[in-house]
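Contents: one structure, followed by commentary.
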Amino acid sequence: MKQRIADLAWESLQQSLDEQGYAVLPPLLTETECQRMIETYEQPSHFRSTIDMARYRFGIGEYKYYQSPLPDLVQELREGFYPELAKAANRWLTQLGREAIYPAALPEFLDHCHQAGQSRPTPLILKYGAGGYNCLHQDLYGDVFFPFQVVFVLNQKERDYTGGEFLLVEQRPRAQSRGHAVSLEQGAGLIFPTQHRPVAGSRGFYRTTLRHGVSTITSGTRHSLGIIFHDAK
């Protein structure tokens, strides 16, 4: 997995992050790897908590947070994506006139989370059936958070489910919000901002706020794997 991540077209991905605020990844996980992750969903020993989305009015569906030690594939994705995304995170900070603060490797960043009282792992797997959806939200979990996260779709659209586009909505200052609806193939992923991003304006860079969600699944079952880099309180 480390080599697969390294072989991605990072120059193009970094450009997409700067220009669009998100970047679509080609299918990175094999069908076998996707199925293996789906199978973990029914194995309680992998998880620290389960959330019924309807109970909290988050949407309709369910998600589970993995507990330590994370499954090997999840750990490899978390460690593999972090260094390149830390470069983008620090670049975005400097564009906004702030100091670059994100270390080059994930363990150092997680140490910072733990010092702030955030020690619970946050990678998760989500499951939606027909009629399921996820309301627009942000995944922060504490004062310390990483500016990017990555999501992978584990089922094949049109074969295993219909509907269920990934939604990303950007709230622009003094303007109406802009929305993106992204469809992903099985094993493909999306890098997107956790909270905000810098946008170039006539007087330099300004900050826009983003929220993400999932549109209604109209048939079938959709699983997705969320790689969040900061730990939770």
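The values are calculated or read from the model by the stated rules, or taken from the named source; none is laboratory data. Small disclaimer: the values here were computed from a predicted structure and weren't measured. Neighbour counts run over all protein chains shown; Cβ positions are idealised from the backbone, glycine included. Side chains are part of the model used for accessible areas, which takes the heavy atoms of the whole protein and leaves out ligands, DNA and RNA. Shrake-Rupley method; radii C 1.70, N 1.55, O 1.52, S 1.80 Å.
If you go through segment 76-84 one residue at a time, do you hit one that is at pLDDT 95 or above, hydrophobic (A, V, I, L, M, F, W, C) and under 18 Å from the mean Cα position of the chain (by Cα)?
Yes: segment 76-84 contains one or more residues that are at pLDDT 95 or above, hydrophobic (A, V, I, L, M, F, W, C) and under 18 Å from the mean Cα position of the chain (by Cα).
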- Message: Please go through segment 200-233 and give me each residue that is at pLDDT 95 or above and among the hydroxyl-bearing types (Ser, Thr, Tyr), ordered by number.
- Response: Thr208, Thr209, Ser215, Thr216, Thr218, Ser219, Thr221, Ser224
- Could you list, in sequence order, all residues of segment 68-105 that are open to solvent by less than 30 Å² (accessible area, probe 1.4 Å), among the small types (Gly, Ala, Ser) and in a loop (DSSP other than H, G, I, E, B)? none
- Looking for whichever is assigned to a loop (DSSP other than H, G, I, E, B) and either modelled with pLDDT of 95 or more or basic (Lys, Arg) (or both) here; the options are Arg174, Arg197. Which one fits? Arg174
- Item | Residue match in segment 40-54 (condition: open to solvent by 60 Å² or more (accessible area, probe 1.4 Å), in contact (Cβ under 8 Å) with a residue 24 or more places away in the chain and in a helix (DSSP H, G or I)) | no
- Among the residues listed as Leu140, Leu136, the single one being part of a loop (DSSP other than H, G, I, E, B) and either on the phi < 0 side of the Ramachandran plot or of a type in the set (Ser, Thr, Tyr) (or both): Leu140
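Can you tell me which residue within segment 106-153, out of those that are small (Gly, Ala, Ser) and over 22 Å from Gln67 (Cβ atoms), is most open to solvent (accessible area, probe 1.4 Å)?
My answer is Ala130.
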- In segment 1-15, anything in contact with a Leu (Cβ under 9 Å, 6 or more places away or on another chain) and either part of a loop (DSSP other than H, G, I, E, B) or open to solvent by 70 Å² or more (accessible area, probe 1.4 Å) (or both) is listed as Met1, Arg4, Leu8
